[in-house]
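The values are calculated or read from the model by the stated rules, or taken from the named source; none is laboratory data. Only a predicted model underlies this, so the values are computations on that prediction, with no experimental measurement involved. Note that we place each Cβ from the backbone using ideal geometry, even for glycine, and neighbour counts take in every protein chain shown.
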Amino acid sequence: MSSASGSRVVVTGATGNVGTSVVRLLSEDPEVASVRGLARRIPRWSPPRTEWAAVDVASEQAPLAEEFEGADAVIHLAWAFQPTHDPATTWNTNVLGSIRVFEAVAAARVPVLVHASSVGAYSPGPKDRPVDESWPTHGWPDAAYTREKAYLERVLDVFERDHPDVRVVRMRPGFLFKRESASEQRRIFGGKFLPGPLARPELLPFLPDIPGLRVQVLHTDDGARAYQLALRHEVRGAFNLAADPPLDARVLSEMLDAKPVRLPRGAVRSAIAAAWGLHLLPASPHLFDAVLRLPLLDCTRARTELGWTPDRTATEVLQELLEGLRQGEGADTEPLRGRKVG
């Protein structure tokens, strides 16, 4: 996609967890001439060769086609995780906003679209073996996040059929964490008043061992590098992204030196549902149901076609996240602002 003078890349959701890593990598890439970051609020952060525009993809008046004019690629990362009690609001931002982005890509004749899908787009799958990108992407219908990610997979199926001249890449990573996103992750999953210093292994009397709770994580910077590589290689289609090992009670108990204790899935869900119903916990019981059903990801295609491998293991990623939670780490953007509670 690069030209003699370097490529021009537009990134939506550029101030979030993945966006900040993608923008930083691209701003340092000699093959990229300029980066245009779109976000609802312009940050003070100013990496080289980067300019900002205040754009909300949820707005029908957002001038997306104008923002994309002359771009060599659009990386679409904009996403709203909350409010979980108002799925119509997240649908407007995540699904309708993404459709606006896709239509603007076509209207502006941008040749490359890289879309942030997710492991959450996949239908329920096995926990004892990984699946490749051919696994069905119907999500878990009861959770807004997985429902929205799966719906956009169908939208992109139609988009690719109608716009074969656009090279579409879909990234399907596991859970993405980095130190600078720790405060944001706490707000998304635990609530803004959850004390970060509680994220200390020595304070865990035991480690909950919940049937089906086996997930994959990835350092956000490693995920961003896959986006960068997708611009450099003439690839299309979906790519799974995850680091080893998969995290379950056995791995976590060894890492945190805590004793695993088997807990019934129903009892844990009931506790989450009660806290969510009282607006004490932002993560919904529906998302909990979805996580228990996520398949493990086979990342062979990313390794062979992108030349991608993660630099950090899953346990290293989790250790960094816990340290960030304790310190209230963040970054100089509105979504990632740090705040130490407790």
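For region 235-263, the tally of residues that are surrounded by fewer than 20 Cβ atoms within 10 Å (Cβ to Cβ), out of contact with any Lys or Arg (no Cβ under 6 Å at 6 or more places or on another chain) and either modelled with pLDDT of 95 or more or within 18 Å of THR309 (Cα to Cα) (or both) stands at 4. If only residues of region 1-41 that are hydrophobic (A, V, I, L, M, F, W, C) and farther than 21 Å from THR220 by Cα are counted, the one that is modelled with the lowest pLDDT is ALA4.
For region 211-234, taking the residues that are modelled with pLDDT of 95 or more, touching a Lys or Arg at 6+ places or on another chain (Cβ under 8 Å) and in a loop (DSSP other than H, G, I, E, B), the one that is surrounded by the most Cβ atoms within 10 Å (Cβ to Cβ) is identified as ARG214. Filtering region 157-170 to residues that are surrounded by fewer than 22 Cβ atoms within 10 Å (Cβ to Cβ) and either touching a strand residue (DSSP E or B) at 6+ places or on another chain (Cβ under 8 Å) or under 29 Å from GLY330 (Cα atoms) (or both) leaves PHE159, GLU160, VAL166, ARG167, VAL168.
Residues being more than 20 Å from HIS76 (Cα to Cα) and surrounded by fewer than 21 Cβ atoms within 10 Å (Cβ to Cβ) are represented in region 111-124 by at least one member. Applying the criterion of being touching a helix residue (DSSP H, G or I) at 6+ places or on another chain (Cβ under 8 Å) and hydrophobic (A, V, I, L, M, F, W, C) to the residues of region 15-43, the residue that is surrounded by the most Cβ atoms within 10 Å (Cβ to Cβ) is VAL22. For region 281-305, a residue qualifies if it is of a type in the set (Ser, Thr, Tyr) and without any contact (Cβ under 8 Å) to a residue 24 or more places away in the chain, and exactly one does: THR304.
Of ALA302, ALA290, which residue is hydrophobic (A, V, I, L, M, F, W, C), farther than 23 Å from TYR145 by Cα, within 18 Å of the chain's Cα centre (by Cα) and not in a strand (DSSP E or B)? Write out each step before concluding.
Details: ALA290 fails: farther than 23 Å from TYR145 by Cα.
None of the others qualify; the one that does is ALA302.
Filtered by the rule that a residue be in a helix (DSSP H, G or I) and either without any contact (Cβ under 8 Å) to a residue 24 or more places away in the chain or under 23 Å from SER98 (Cβ atoms) (or both), region 22-55 gives VAL22, VAL23, LEU25, LEU26, SER27.
Identify all residues within region 103-131 that are part of a helix (DSSP H, G or I) and over 28 Å from ASP165 (Cβ atoms); write none if there are none. So that I can check it myself, show each step before the final result.
Going residue by residue through region 103-131, those that are part of a helix (DSSP H, G or I) are 103-107, 119-121.
Listed by number, the residues that qualify are VAL119, GLY120.
Answer yes if at least one residue in region 306-325 is free of Cβ contacts under 8 Å to residues at least 12 places away in the same chain and either in a strand (DSSP E or B) or out of contact with any Leu (no Cβ under 9 Å at 6 or more places or on another chain) (or both), and no otherwise.
Here is the first cut: in region 306-325, the residues free of Cβ contacts under 8 Å to residues at least 12 places away in the same chain are 309.
With either in a strand (DSSP E or B) or out of contact with any Leu (no Cβ under 9 Å at 6 or more places or on another chain) (or both) added as a condition, the list becomes 309.
Looking through region 306-325, at least one residue is free of Cβ contacts under 8 Å to residues at least 12 places away in the same chain and either in a strand (DSSP E or B) or out of contact with any Leu (no Cβ under 9 Å at 6 or more places or on another chain) (or both).
For region 132-152, the tally of residues that are in contact (Cβ under 8 Å) with a residue 12 or more places away in the chain, within 14 Å of ALA290 (Cβ to Cβ) and assigned to a loop (DSSP other than H, G, I, E, B) stands at 6. Considering the conditions (1) farther than 22 Å from ARG236 by Cα; (2) crowded, with 18+ Cβ neighbours inside 10 Å; (3) hydrophobic (A, V, I, L, M, F, W, C), ALA65 is excluded by exactly one of them, (2). Of all residues in region 179-193, those that are under 18 Å from GLY277 (Cβ atoms) and assigned to a helix (DSSP H, G or I) have Cβ atoms under 7 Å from Cβ atoms of residues that are modelled with pLDDT of 90 or more and small (Gly, Ala, Ser), 6 or more apart or on another chain, in PHE189/ALA283.
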